[in-house]
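The values are calculated or read from the model by the stated rules, or taken from the named source; none is laboratory data. What you are looking at is a predicted structure, and each value in this text was computed from that prediction instead of being measured. Cβ sites come from the backbone with ideal geometry, for glycine too, and all protein chains shown count toward neighbours. For the accessible areas, the whole protein counts, side chains as well, though only heavy atoms, and no ligand, DNA or RNA atoms are used. Shrake-Rupley method; radii C 1.70, N 1.55, O 1.52, S 1.80 Å.
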Amino acid sequence: MTDSVNLNVIGTIDSPYKEKFAIPRQPGIVTAAQGQLRLTGSANNAELVRGLEQFSHIWLLFVFHGTQAQGWKPLVRPPRLGGNKKLGVFATRSTFRPNPIGMSVVKLDRIEQGFTAQDNAGQRASQVILHISELDLLDGTPIIDIKPYVPYADIIENAHGGYAQEQPNNNIKVIFSSAALVTLDNNSEHYPRLQNLVEQVLNQDPRPAYKQNKADDKIYGMTLYDFNINWQMTDISTLHVIAIEEISSNAV
Ligand code: SAM
């Protein structure tokens, strides 16, 4: 019997979610979120994904690298329960787990066999990229396995979802300031789905659990791609996007 295992990272995620705040709590909620999985090391070989293009969705098993260092506790407070009830960590999808492993079903849009940018010696290496969407993953997330999503086995009719039976439906109206709309318009060529993404992310009210269903004067900030987005929720049904600012690549 062994009580520890070593796993190798097989790829890394490029995601619009550059920080933990405002990432949806499960995949499939924000359909406008698009990302890439770049295979790495000995897994960066097109043979490993031969046939995978037949599947519309894939399971990704990954490491919660952004919270791993914070350790774990046996009891956690699921945000779904307003943050004031404790449940056993294994009864939740908390990121703070004895083994910091997550699992997400994402949409597989296409598989690309491309090349990396030229290095200093002018060399380009081959690179397998899985284009994915609907993800709930932080940028840089290390992937430890990929499996095809198999509907006959993975859908269980009449399964009980406990305290999380239904997808949360906040139905919040998102209003953009005219300044925010100008930035969206100026960047529409490179980021055609950015407005949609901001809207869908904010639609689920990413504020802490204790603020849910409460108006709030605080101005919140979040980062999607290379944009800082400021917003406020002064009444419980409407959220105002105050500003969207491109983060300058020259910033220190
Ligand atoms: N779908 C996965 C699961 O069920 O295992 C993740 C569920 S977990 C509740 C989703 C949250 O994980 C997101 O809202 C985000 O804050 C966080 N998250 C995503 N990627 C992460 C990472 N690499 N490190 C730490 N936290 C991450």
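Here are the numbers for the structure shown:
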quantity: Failed condition for ILE23, given (1) near the ligand (Cβ under 10 Å from one of its atoms); (2) β-branched (Val, Ile, Thr); (3) more than 11 Å from the chain's Cα centre (by Cα); calculated: (3)
quantity: Sole exception among (1) more than 16 Å from the ligand (Cβ to nearest atom); (2) open to solvent by less than 30 Å² (accessible area, probe 1.4 Å) for PHE55, by number; calculated: (2)
quantity: Test: residue in segment 83-93 that is surrounded by 15 or more Cβ atoms within 10 Å (Cβ to Cβ), aliphatic (A, V, I, L, M) and closer than 19 Å to ALA209 by Cβ; calculated: yes
quantity: Residue match in segment 56-73 (condition: within 30 Å of ASN213 (Cα to Cα), in contact with a His (Cβ under 9 Å, 6 or more places away or on another chain) and not aromatic (Phe, Trp, Tyr)); calculated: no
quantity: When residues of segment 3-20 are limited to those that are in contact with a strand residue (DSSP E or B) (Cβ under 9 Å, 6 or more places away or on another chain) and open to solvent by 10 Å² or more (accessible area, probe 1.4 Å), the one farthest from the ligand (Cβ to nearest atom); calculated: ASN8
quantity: Filter result (away from the ligand (no atom under 11 Å from the Cβ) and open to solvent by 40 Å² or more (accessible area, probe 1.4 Å)) within segment 26-39; calculated: THR31, GLN34, GLN36, ARG38
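This table checks each residue for (1) open to solvent by 70 Å² or more (accessible area, probe 1.4 Å); (2) of a type outside the set (A, V, I, L, M); (3) under 18 Å from the mean Cα position of the chain (by Cα).
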| position | (1), (2), (3) |
| --- | --- |
| LEU108 | no, no, yes |
| GLU112 | no, yes, no |
| ASP119 | yes, yes, no |
| ASP136 | no, yes, yes |
| ASP154 | no, yes, no |
| ASN158 | yes, yes, no |
| GLN167 | yes, yes, yes |
